[in-house]
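A quick write-up on the structure given underneath.
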Amino acid sequence: MLRSGERAMAPMARAIASWASAPRLACPTRGAALTRTLRASSSSSDVEEDVLDVFPRGGSGKTVNRHLKRQGMVPGVFFKPGDEQGELLSFHSKDIERLVRKHGVVGVGARVLELNFPDGARREPVVAKQVMLDPSTQMVENVNFMPCVPNTKVKVNVPVRAEGEDASPGVKRGGFAWKVSKFLEVRCLGKDIPAEIVIDVASLDVGEKVFLRDLVLPEGVSVKVKDENIPILKIAGKAR
């Protein structure tokens, strides 16, 4: 859930401190009558565009944040495991807004970003663990980052996308693809984070559902679930 301001930083820091030891939850991989796919892909151009220039920030609070906003900047915090205070950062509003427009709020958290410090002194691979929006403008007002090196296990939210709606008999008869879950929380190594979960609905009719148990995930990627029978997507609406 998106939350305003920096009020969520203390619990967020405690959560980050426990990520490295988080247990892995196996995801079902048995076959289903319909083909479900999960895609994880990125291009070299994506990698270059997902670099975020950051700058040290000397303080926090409403006064500092207002000053940053007037300069076209956004505050952020880079948390390392066990660090409850975090490293205070700032970055250009236009840069983070570009990433949000490109990937979506949830999608930004499913991308490995690179924080580029002044003069190239440091480059840190991270994921945006929490993106906070201004409730009135829906502009990004704060971001919490966590490290994401290739062989470290992470827990991130990955957006769900429907594919094949034009061919779906249910959609042709007046239904629509309703995402019961707009994203799924996955656990995997940093190098294996999927950009999105794509569900093929081309053969689905009105009322048919895709359940978590139907997903076939890549090796090393698991989904945190309480019940594998939870529906992820359905063709909703009334058929003509």
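The values are calculated or read from the model by the stated rules, or taken from the named source; none is laboratory data. For clarity, every value in this text was computed on a predicted model and none was experimentally measured. We place every Cβ from the backbone using ideal geometry, glycine too, and count neighbours over all the protein chains shown. Side chains are part of the model used for accessible areas, which takes the heavy atoms of the whole protein and leaves out ligands, DNA and RNA. Shrake-Rupley method; radii C 1.70, N 1.55, O 1.52, S 1.80 Å.
Distance distribution note for segment 103-172: the fraction of Cα pairs above 16 angstrom is 62%. Within a straight-line Cα-Cα reach of under 16 Å, Lys238 can be paired with the following aspartates and glutamates, leaving aside sequence neighbours fewer than 8 residues apart in one chain: Glu165, Asp205, Glu208.
The residues of segment 58-215 expose on average 46 square angstrom of accessible surface per residue, using a 1.4 Å probe on protein heavy atoms. Among residues other than Asn151 whose Cβ falls under 12 Å from its Cβ, what is the net charge (Lys/Arg +1, Asp/Glu -1)? Once positives and negatives cancel, what remains is +1. Volume of the convex hull of segment 137-197 (Cα atoms only), normalised per residue: 127 Å³.
Net charge in the neighbourhood of Asp205 (other residues with Cβ under 13 Å of its Cβ; Lys, Arg +1, Asp, Glu -1) is +4. In this structure, the residue pairs whose Cα-Cα separation is over 28 Å, taken from Lys62/Lys129; Lys153/Lys209; Lys62/Lys191, are Lys153/Lys209; Lys62/Lys191. Under 12 Å of direct C-alpha separation, and excluding same-chain neighbours fewer than eight residues apart, Lys224 reaches these aspartates and glutamates: Glu185.
Ellipsoid semi-axes for segment 94-240, based on the Cα gyration tensor and the rule √(5λ), read 33, 19, 12 Å when sorted largest first.
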